[in-house]
Amino acid sequence: MELSDANLQTLTEYLKKTLDPDPAIRRPAEKFLESVEGNQNYPLLLLTLLEKSQENVIKVCASVTFKNYIKRNWRIVEDEPNKICESDRIAIKANIVPLMLSSPEQIQKQLSDAISIIGREDFPQKWPDLLTEMVNRFQSGDFYVINGVLRTAHSLFKRYRHEFKSNELWTEIKLVLDGFALPLTNLFKATIELCSTHANDASALKVLFSSLILIAKLFYSLNFQDLPEFFEDNMETWMTNFHSLLTLDNKLLQTDDEEEAGLLELLKSQICDNAALYAQKYDEEFQPYLPRFVTAIWNLLVTTGQEVKYDLLVSNAIQFLASVCERPHYKHLFEDQNTLTSICEKVIVPNMEFRAADEEAFEDNSEEYIRRDLEGSDIDTRRRAACDLVRGLCRFFEGPVTGIFSGYVNSMLQEYAKNPSVNWKHKDAAIYLVTSLASKAQTQKHGITQANELVNLTEFFVNHIQPDLKSASVNEFPVLKADGIKYIMIFRNQVPKEQLLVSIPLLINHLQAESIVVHTYAAHALERLFTMRGTNNTTLFVQPTVIYQPVLSHL
């Protein structure tokens, strides 16, 4: 395919047709594009089109088509033909960075993703000048361009968080650090200064804080595998500024939206992640800075509201405390009984409450609720973070923490008993608190494998779980029903077999519950119980006909 006006016009027409809602028009256009994507110059035609087209919708469509083309074809697979000719590869790499940086943000993101896909395959051996080209753009002073570079660098380097250690990986990271660490640090300092200069300019702050979020993410990626010598030597610069940003509160950066996190929340969340990384992996080097971060993050937690927009920030802040309290070096920070009581009262208990947003998800978005709660994908929720903090504190202070929480559990249950229809959320929190306190080790297959011996799980089950499941209506207090069923699931190896046998008919009854969460949990709990193994590797429930017949009658 030649780089001609005629071919550009043809490509434009077919891209328009791919947006048509009529399948009879859209599908033939998609088939045509698939049939020509193996031709030389096809990707260059797409890049030319998104640069020169006067129609924004065509530019966006061309950028998405180009990114998907790169995703499908860039990798060279051994013993398979090269899907992109070498001259096109060279031309793409020569033009894509400047084009990305001069494009509108919507297109910039697509091209940034394409650069990261190419970079995973070609950087650094086949694209040695990429890093230099990006770093040189820092000198532009144009934060629209700078943010494009930072976004691309983040896409390129975030894989360092997940890659297995290897000589090849170390070589690449060293190359990146040699060329990128100093310019990134200088940019970080310059951006901080500009934030002070433009402290009363909301539009400028929005751009600058977008940069700081990306810089903080890059810091995490570049420090994940090991502590680089450069960042160790410049720890004072980074940690002092991170601490200042944690304590910053600018009214211009606050949002009215109760669900969507703002730039300030996102930045503080990432800084909590960065501090937790250093506390976990580089505790000796981080020790001089740790007390001030503990104080700042503690103050953050006790002053942050319950709105959904703060969930990630609160979760990451609690995870930081959890990572600190598990380390023997920092044990002394939590030894005081007043400190433990304060953490339990002001951080853990408030963040275990069942909020209106949780209730809405339970009722209206049950699949997502189950995925987060039952399948363990709630890693970024307040409740999961609070649970992790309880476990971390119990590592060294199991007795005192259990004693403190026992008082809270009893108080919550008493409030529930006064007026169950109004105070049922108190019991929900009590059940979650007991579960967190008792769970020392857990697997998806076996439930709890190691429990806190100071918690009487059987007594709590008989007195507070079974009554809810035995109530005449399977649709009353559905959240508490789900809590009780989940309790059976995860503590099935701790609750005596006799109590489990009593529970089976109750679980079968709850297969009829109107709540999707409740009847799903009931089915899941029955499946877990029926596959339990005894100490001699035999099935615990040895009368399948007695059990399965009533189950089948409810399906």
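Taking region 18-28, which residues are surrounded by fewer than 17 Cβ atoms within 10 Å (Cβ to Cβ) and within 15 Å of Cys61 (Cα to Cα)? Break it down stepwise before answering.
First, pick out the residues of region 18-28 that are surrounded by fewer than 17 Cβ atoms within 10 Å (Cβ to Cβ): 19-28.
Those that are surrounded by fewer than 17 Cβ atoms within 10 Å (Cβ to Cβ) and within 15 Å of Cys61 (Cα to Cα): Leu19, Asp20, Pro21, Arg26.
So Ala190 passes all but one of these: (1) among the aliphatic types (A, V, I, L, M); (2) surrounded by fewer than 18 Cβ atoms within 10 Å (Cβ to Cβ); (3) modelled with pLDDT under 95. Which condition number does it fail? Condition (3) is where Ala190 drops out.
Here's the yes/no breakdown for (1) in contact (Cβ under 8 Å) with a residue 60 or more places away in the chain; (2) among the charged types (D, E, K, R); (3) farther than 21 Å from Ile343 by Cα:
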{"residue": "Gly262", "(1), (2), (3)": "no, no, yes"}
{"residue": "Glu285", "(1), (2), (3)": "no, yes, yes"}
{"residue": "Trp298", "(1), (2), (3)": "no, no, no"}
{"residue": "Leu301", "(1), (2), (3)": "no, no, no"}
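Taken together, Val314, Val349 contain a single residue that is open to solvent by less than 50 Å² (accessible area, probe 1.4 Å), under 24 Å from the mean Cα position of the chain (by Cα) and under 19 Å from Lys268 (Cα atoms), which is Val314. Tell me, please, whether a residue that is under 24 Å from Ile90 (Cβ atoms) and touching a Ser or Thr at 6+ places or on another chain (Cβ under 7 Å) can be found in region 15-32. Within region 15-32, not a single residue is under 24 Å from Ile90 (Cβ atoms) and touching a Ser or Thr at 6+ places or on another chain (Cβ under 7 Å). Output yes when any residue across region 296-305 is farther than 27 Å from Gly407 by Cα and part of a helix (DSSP H, G or I), and no when none is. Scanning region 296-305, I find at least one residue that is farther than 27 Å from Gly407 by Cα and part of a helix (DSSP H, G or I), so the answer is yes. Does Leu33 fit the bill of being at pLDDT 90 or above and either surrounded by 17 or more Cβ atoms within 10 Å (Cβ to Cβ) or among the small types (Gly, Ala, Ser) (or both)? Yes: the conditions hold for Leu33.
The single residue among Lys109, Lys67, Lys83 that is at pLDDT 95 or above and touching a helix residue (DSSP H, G or I) at 6+ places or on another chain (Cβ under 8 Å) turns out to be Lys67.
None of Ser244, Ser203, Ser269 is surrounded by fewer than 16 Cβ atoms within 10 Å (Cβ to Cβ), farther than 19 Å from Leu182 by Cα and at pLDDT 95 or above except Ser244.
Filtering region 48-65 to residues that are over 14 Å from Glu13 (Cα atoms) and either of a type in the set (D, E, K, R) or open to solvent by less than 10 Å² (accessible area, probe 1.4 Å) (or both) leaves Glu51, Lys52, Ser63. A count restricted to region 49-71 and to residues that are in contact (Cβ under 8 Å) with a residue 12 or more places away in the chain, assigned to a helix (DSSP H, G or I) and farther than 20 Å from Glu133 by Cβ stands at 13. Checking each residue in region 20-39 for being part of a helix (DSSP H, G or I) and not small (Gly, Ala, Ser) picks out Pro23, Ile25, Arg26, Arg27, Pro28, Glu30, Lys31, Phe32, Leu33, Glu34, Val36.
Open to solvent by 70 Å² or more (accessible area, probe 1.4 Å) and either without any contact (Cβ under 8 Å) to a residue 12 or more places away in the chain or among the hydroxyl-bearing types (Ser, Thr, Tyr) (or both): is that true of Lys251 in this structure?
Details: open to solvent by 70 Å² or more (accessible area, probe 1.4 Å): yes; either without any contact (Cβ under 8 Å) to a residue 12 or more places away in the chain or among the hydroxyl-bearing types (Ser, Thr, Tyr) (or both): yes.
In short, yes.
The values are calculated or read from the model by the stated rules, or taken from the named source; none is laboratory data. No experiment lies behind these values; they were computed from the predicted model shown. Virtual Cβ from ideal backbone geometry, glycine too; neighbours counted across all protein chains shown. When the accessible area is computed, the model is the full protein with side chains, heavy atoms only, and any ligands, DNA or RNA have been set aside. Shrake-Rupley method; radii C 1.70, N 1.55, O 1.52, S 1.80 Å.
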